[in-house]
Structures are given as structure tokens and as C-alpha cells.
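The values are calculated or read from the model by the stated rules, or taken from the named source; none is laboratory data. It should be emphasised that the depicted structure is a prediction, and the values quoted were computed from it without experimental measurement. Don't worry about glycine lacking a Cβ; one is built from the backbone with ideal geometry, like all the others, and counts go over all protein chains shown. Heads up: the accessible areas ignore ligands, DNA and RNA and are worked out on the full protein's heavy atoms, side chains in. Shrake-Rupley method; radii C 1.70, N 1.55, O 1.52, S 1.80 Å.
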Amino acid sequence: MATALDCRARRSVSPRGVVVNLGLGDIQPVGAGVASLTRGIGGLTAVLAVGLILFTYSWQLCVVVLVGVVLVLRVNDWLVKPYRASQRVVRDRMADLTGVALDASSGLRVIKGPGAADRFSARYRTASPGVLSAATAMARSAGVVAGYQAFAAGLLMAGTVWRTVVRAAPARPAPDAGCMGARPCLPTLSGRIR
């Protein structure tokens, strides 16, 4: 990453803009990465514990849950890739815009000829819509990921509950079988017990 930052700083208008943007733009992802590590370990432990408990109850239900969780995570990973790419684009465009702003603020202190303020203002106005469009694309990707996560969690829960209900539903005797042997008698629609 240091090599990439060095190359980025050399080719930009102002390396100070890159440094400021990297300092502000990367603090949140680094903190989120450290926080997600503990959540990931806890989530893995919970999935394994629930899988073991479900396996003792019903191996079919265990398979539904474990395969469902893996499938949800795979698709989530596939959807997060465009979101991360759009974050990189926003970071690059913010670095360019910050560089223009820093150049403008340092250049306006020293008179650089007539129209210098207008030139800096025009550079900032041309760079600003790129940041807005990149941020809009990033928000769109974030919305898709958040929507999928809510949908997938609900679908997995519904599938798990359905499988549990199917497994837990008592087998009804045939209507003409009556009460025989050790099979419990079930109430009929009229409320009488056979």
C-alpha cells in the first residue's frame, strides 16, 4: 500500500491533498476492519455452535442452515466487490479535489497573476461533479448490499423456520385408522377424541 500511495502522491497535483484525504478517508475502514475481526470470530463461533446444536436435533436442518449461511456470505462477498471499487474511486476523486483545494488556498496567498482565483475556482468546479457522481455510485452499491443482506437474512430465517415446522409437525393418522396401540389419539374437527 505504501508503494501505491507513493506513486499516487507523485502523479497528483498536490501530494498534500492525498495525505490529507488518506488520513481522513482511511481511518473509518481501518477501524471497521479491526472491529469486524472480533465480530467475525464471534460469528464463526456462533455458527459452529448453532450448527452443532442443530446437528444433534436434525442433520437436515443443520445442512439447510450451514449451506444457507455459506451461500449468503458468498453472494454478499460478490456484491461487496463493486462497492469497494466505488469506494476507491471516491477516495481517488476526493484526493484530487483536496489537492485542488490545497493548491488554491496556498496559491491565493501569493499573487500569481490576474485571474488566478478564477482559474482555481474553475478547477475546483470541474473536479467537484466527479466526486458527486462517484459518491452517488458508491451509495447505490451500498444500498444494493444492504438490501441483499436484509433479504437474504429473512429468506434464510424463513427457510429455517419452514424446515423446522415441517420436521416438527406431527404425523396424523389416517382418518379411518382410529386409535390403535401406542399411537396417541388426535382430536377431530368436532372436538371428540377417538
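Can you sort Asp96, Asp118, Asp103 by solvent-accessible area, 1.4 Å probe, largest first? Working shown, then result.
On the way: Asp96 70, Asp118 110, Asp103 30 Å².
Listed by decreasing accessible area, they come as Asp118, Asp96, Asp103.
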With every protein chain kept in place and a 1.4 Å probe, the stretch 45-174 has an accessible area per residue in Å² of 67
Given a Förster distance of 45 Å, the FRET efficiency implied by the Cβ-Cβ spacing of Arg167 and Ser128, rounded to the nearest 0.05, works out to 0.15
When every protein chain stays in place and a 1.4 Å probe is rolled, Arg123, Arg140, Arg91 sorted by accessible area with the largest first are Arg140, Arg123, Arg91
For Asn76, the net charge from surrounding residues (Cβ-Cβ under 15 Å; K, R +1; D, E -1) works out to +3
Label model pair Val144, Leu37: point-to-point distance (7 angstrom along the Cα→beta-carbon line) in nm is 3.0
Within the under-15-Å Cβ sphere about Arg140, not counting Arg140, Lys/Arg +1 and Asp/Glu -1 give a net charge of +2
